[in-house]
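Enquirer: Here it is, the structure, as structure tokens.
No lab work stands behind these numbers, since they all come straight from the coordinates. All values derive from a computational prediction rather than experimental measurement. Using ideal geometry, Cβ is built from the backbone for each residue, glycine included, and neighbour counts are taken over all protein chains shown.
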Amino acid sequence: MQSKPSNLTIGFIGGGNMATALIAGLANKLTNADRIHVIDLNTESVTRLSQQYGVGTASVMDDKLRDLDVVIFAVKPQQMQQVIASFAPFLKSQLLLSVAAGIRADDMSRWLGGYQKIVRAMPNTPAMIGKGMSGLFALAAVDAEQRANVQMIMQAVGDTLWVEQESMIDAVTAISGSGPAYVFYFIEALQEAAVALGFDTMQAQQLAMSTFSGAVQLAQQSDDPVQILREKVTSKGGTTYAALSSMDQHDLKNIIALATQAAAQRGKELGDEFGQY
């Protein structure tokens with residue numbers, strides 16, 4: 001992240017949760033708030049964003065869109081084709097960045113008559129607290145400077161990973177896009193297990209949350225790969241060994257692999273569905 005605001009001008013079509021997270025990370029940090037323009041039909045949303053962050057707002061698309069460096073599409077995927085059609089008259093030479101799940105860059109390009117300055121991003125919900133993970137894919141016409149600008153924008157809410165084939169965005173969706181739900185599911189299961197072992201709800205939550213948070217931070221800060229960290233906790237014949245042996249007997253790793261494959265396949269299906277027109 002830059003230490004002072006740049007001159008980048010950024011537009012948002014859609015002012016929901018992901019747009020709000022990005023604006024919080026960008027306004028007066030990457031670029032001055034008055035260089036950010038947000039369009040949303042919901043007047044409450046644009047009023048809130050204007051009051052909280054000092055950004056410009058409008059309830060309909062306007063000529064300000066024409067001269068922006070980057071236009072970010074942050075709308076629901078089922079709304080995307082209609083939104084693109086409404087935006088088309090304002091298309092000039094802007095870089096277009098989509099954070100709409102399931103909408104392929106190639107389909108956006110087709111809807112815009114072959115326009116190619118398009119990047120697709122797949123962020124996840126921890127972006128709401130600046131701890132997100134975003135997969136990024138750019139069409140060939142996106143130059144190095146534009147890629148750098150996209151990276152700066154998405155790093156306002158966490159880490160980024162570029163992929164070279166758009167099909168890999170479905171894999172990103174399966175791992176990091178849907179991944180927070182897997183983590184929450186595991187925490188939920190651990191809490192229920194703690195209650196079954198005699199702890200009350202609050203104690204169970206404290207044990208599960210702190211254990212998970214601490215383990216993740218240890219993995220991030222350690223020079224050892226997670227396999228070695230796991231082995232260091234697992235003494236042959238001990239309590240952890242018993243637990244992990246049970247997981248292996250129930251083929252937990254394969255269950256996780258199958259789950260992520262199902263998510264990736266569903267991502268592909270959604271892309272096919274949303275892009276069929």
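Enquirer: With +1 on each Lys and Arg Cβ and -1 on each Asp and Glu Cβ, and nothing else charged, work out how big the dipole of the range 10-172 is about its Cα centre, in Debye to the nearest 20.
Expert: 160 debye
Enquirer: Using a simple charge model, +1 on the beta-carbon of Lys and Arg, -1 on the beta-carbon of Asp and Glu, nothing else, what dipole does the chain show about its Cα centre, in debye to the nearest 20?
Expert: Taking the Cα centre of the chain as origin, the dipole is about 380 debye.
Enquirer: Could you pull out which residues in the range 39-83 have an amide N less than 13 Å from a spot 7 Å beyond the Cα of Ser6, following the Cα-Cβ vector?
Expert: 69-71
Enquirer: Also, I was wondering about something else. Treating each Cα of the range 168-210 as an identical point scatterer and ignoring solvent, apply the Debye formula and state log10 I(q)/I(0) at q = 0.16, 0.19 Å⁻¹.
Expert: -0.48, -0.57
Enquirer: Of Ile187, Ser235, Phe87, which is farthest towards the positive pole of the chain's charge dipole, taken about the Cα centre with +1 and -1 on the beta-carbons of Lys, Arg and Asp, Glu respectively?
Expert: The listed residue farthest towards the positive side: Phe87.
Enquirer: Figure the gain on full extension for Ile255 and Ala189 (residue separation times 0.36 nm, minus the Cα-Cα span) and round it to one decimal in nm.
Expert: 22.2 nm
Enquirer: Please compute one quarter of the surface area of the Cα convex hull for the chain and express it in square nanometres.
Expert: Spelled out: convex hull of the Cα atoms, projected over all directions, averaged, 17.2 nm².
Enquirer: For the range 143-277, with the dipole built from +1 on Lys and Arg beta-carbon atoms and -1 on Asp and Glu ones, taken about the Cα centre, which of Ile175, Ala196, Gln265 lies farthest toward the positive end?
Expert: Ala196
Enquirer: Between the range 194-238 and the range 1-71, how far is it from one alpha carbon centroid to the other, in angstrom?
Expert: So the two Cα centres are separated by 40 Å.
Enquirer: Still on this model: Taking every eigenvalue of the Cα gyration tensor of the range 62-210, multiplying by 5 and rooting it, what semi-axes result, largest first, whole Å?
Expert: Largest first, the range 62-210 gives 38, 15, 14 Å.
Enquirer: Here is a follow-up. About its Cα centre, how strong a charge dipole does the range 179-267 have in debye, to the nearest 20, once Lys and Arg get +1 and Asp and Glu get -1 at the Cβ?
Expert: Computed about the Cα centre, the dipole is about 160 debye.
Enquirer: Separate question: If you bin every alpha carbon distance in the range 179-267 into 5 Å steps from zero, what whole percent lands in each bin?
Expert: 3, 12, 14, 22, 25, 17, 7, 2, 0
Enquirer: Using only Cα atoms and rounding to the nearest 10 degrees, what angle (0 to 90) does helix 201-221 make with the longest principal axis of the chain?
Expert: 70 degrees
Enquirer: Right, here's the next one. For Gly158, list long-range residues whose amide hydrogen, built 1.01 Å from N in the peptide plane, is under 5 Å from its own amide hydrogen.
Expert: Gly132
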